[in-house]
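Report on the following structure.
The values are calculated or read from the model by the stated rules, or taken from the named source; none is laboratory data. These numbers were taken from a predicted model, which means no experiment stands behind them. Methodologically, a virtual Cβ is constructed for each residue, glycine included, from the backbone with ideal geometry; neighbour enumeration extends over all protein chains shown. With ligands, DNA and RNA removed, areas are computed over all heavy atoms of the protein, side chains included. Shrake-Rupley method; radii C 1.70, N 1.55, O 1.52, S 1.80 Å.
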Amino acid sequence: MMTMMVQIRPHIAIPHLMVVVGAVMLLLLQQGRSAEAQPSPGYYPSSKVSSMPFSQWYSNLWGAQHQSLSPDQTALTLWMDRSSGSGFKSKGAYRNGYFGVSMKVQPGYTAGVNTAFYLSNNEVYPGYHDEIDVELLGTVPGEPYTLQTNVYVRGTGDAHPIVGREMRFHLWFDPAAAFHHYAVLWNPDEIVFLVDDVPVRRYQKKVEATFPEREMWAYGSVWDASDWATDGGRYRSDYRYQPFVSGFKDFKVAGCEVGAPASCGPVPAGPGGGLSPQQSAAMSWAQQRAMVYYYCQDSSKDRSNYPEC
């Protein structure tokens, strides 16, 4: 077993000491998690969709001064500081499709920081919108990032309260160490969340009112979610560590835009359309190994809001 030694000098400030100690603890944690190899799903949806330049399908939405696009337009850097975060949006709206991007987040103290890639129609249906979320929630030294997946259906607002359908994971790798590909496959009868082509969650259409069917746009952003993102808001963004930087690349979109002909079909989740047995086995592995929260298992929830459970 490898022994790691850290020399601590008396004049190091406490916040920086936390980062040093936390980095060591997180390294040991990630080494333990990576001991079991990620299983092969046998089918790789990301390989069926070509990467595209950012500006071909996306444009800035807010915080342009906190964005940096690579010269070849294949990689975008967003950052958040005390003044602002930043976000982008797809140029077109879709009624289904595959939406993927590779992301890398910042190590160290990132509590309260939300790096998100998601589908939404909030700008068209404010207070009554649909949303499909992939969010990397910032953390404190020594604790892993949390991947949160979520589905909202016709919610958020006084008349239509938020009814979240969260499933959270502590991933089997460190999302701050390298880029990994995160994707949403949204079809008329199911939503599949994928990490490096491994399905981690399948949300099926079981009840009409619990499944998003209206057009949505794809978004990416980095923003301050201190009120809830890290341990329920216990740890908040600390701007002594600003800027908080997140990278996006390998932009992939394939699906039916709103104006596409009726003959436009959904992107298959597996080789036969739905998930294959091998993909389902990989999903079981991911959930057994990495899932830390599932809303259907939360006894504090009002079950009447979740007929699909």
Against the longest alpha carbon principal axis of the chain, how many degrees, from 0 to 90 and to the nearest 10, is the axis of helix 14-33 turned?
60
Using the structure shown, select from Lys104/Lys301; Lys206/Lys249; Lys89/Lys252; Lys48/Lys104 the pairs with a Cα to Cα distance greater than 25 angstrom.
Lys104/Lys301; Lys206/Lys249
With θ set to phi - 60° and the Karplus curve 6.51 cos²θ - 1.76 cosθ + 1.60, what are the ³J(HN,Hα) couplings of the stretch 186-192 in order, to the nearest whole Hz, using x for Gly and Pro?
10, 10, x, 10, 6, 10, 10
Using amide H atoms built 1.01 Å from N in the peptide plane, name the residues 5+ places from Gly255, or on other chains, whose amide H lies under 5 Å from its own.
Tyr98
Give me the 1.4 Å probe accessible area per residue for the chain, excluding ligands and nucleic acids, in Å².
46
Of Gly265, Tyr293, Met216, farthest towards positive along the dipole that unit charges on Lys, Arg, Asp, Glu beta carbons give the stretch 214-304:
Tyr293
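Kirkwood Rh over Cα pairs of the stretch 94-154 into Stokes-Einstein at 37 °C, 0.692 mPa s: D in µm²/s?
Numbers: Rh = 13.1 Å.
Value of D from the Cα-based Kirkwood radius: 250 µm²/s.
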Using θ = phi - 60° and the Karplus form 6.51 cos²θ - 1.76 cosθ + 1.60, what ³J(HN,Hα) does each residue of the stretch 178-184 get, whole Hz, x for Gly and Pro?
7, 6, 9, 9, 10, 8, 10
Centre separation in Å (Cα based) which lies between the stretch 116-191 and the stretch 233-267
10
Probe radius 1.4 Å, ligands and nucleic acids left out: which of Lys206, Lys104 has the largest accessible area, and how do the rest follow?
Lys206, Lys104
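So what's the chain giving for Cα Rg divided by 2.2 N^0.38 Å, two decimals? The partial results should precede the final answer.
Values: Rg = 19.5 Å, N = 309, 2.2 N^0.38 = 19.4 Å.
So the Cα radius of gyration is 1.01 times the expected 2.2 N^0.38 Å.
If you take the beta carbon distance between Tyr294 and Lys91 as r and set R0 to 51 Å, what does 1/(1 + (r/R0)^6) give as a FRET efficiency, to the nearest 0.05? Mind dumping the intermediate values first?
Numbers: r = 35 Å, r/R0 = 0.68.
After rounding, the FRET efficiency stands at 0.90.
With the convex hull built on the Cα atoms of the stretch 59-135, state its orientation-averaged projected area in nm².
6.6
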Helix 277-290: angle to the longest alpha-carbon principal axis of the chain, degrees 0 to 90, nearest 10?
40
So what J values fall out for the stretch 103-119 if you push phi through Karplus, 6.51 cos²θ - 1.76 cosθ + 1.60 with θ = phi - 60°, rounded to Hz, Gly and Pro as x?
10, 9, 10, 8, x, x, 6, 10, 3, x, 8, 10, 9, 10, 9, 7, 10
Determine the shape class of the stretch 117-242: with a ≥ b ≥ c the square roots of the Cα gyration tensor eigenvalues, call it rounded for a/c under 1.5, and otherwise prolate if a/b is greater than b/c, oblate otherwise.
oblate
Note down the accessible area of Cys264, probe 1.4 Å, to the nearest 10 Å².
40
Taking square-rooted eigenvalues a ≥ b ≥ c of the alpha carbon gyration tensor, is the stretch 200-253 rounded, prolate or oblate, where a/c under 1.5 means rounded and, failing that, a/b exceeding b/c means prolate?
oblate
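If each DSSP helix of 4+ residues adds -39,500 (n - 2.57) and the sum is divided by the residues in the chain, what number results at 222 nm, nearest 500 deg cm²/dmol?
On the way: 3 runs with 38 residues, N = 309.
Per the formula, -4000 deg cm²/dmol.
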I'd like the accessible area for Asp72, computed on protein heavy atoms only with a 1.4 Å probe and all protein chains in place. Round to 10 Å², please.
100
Please list the non-local residues whose amide H lies under 5 Å from the amide H of Gln204, H modeled 1.01 Å from N, same-chain partners needing a gap of 5 or more.
Ile191
Portion, in percent, of the accessible area of the stretch 74-127 that falls on carbon or sulfur, probe 1.4 Å:
50
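Assuming 0.36 nm per residue, please report the length gained on full extension of the stretch Ser47 to Val207 beyond their Cα-Cα distance.
Values: separation 160, 0.36 × 160 = 57.60 nm, distance 3.16 nm.
That works out to 54.4 nm of additional length.
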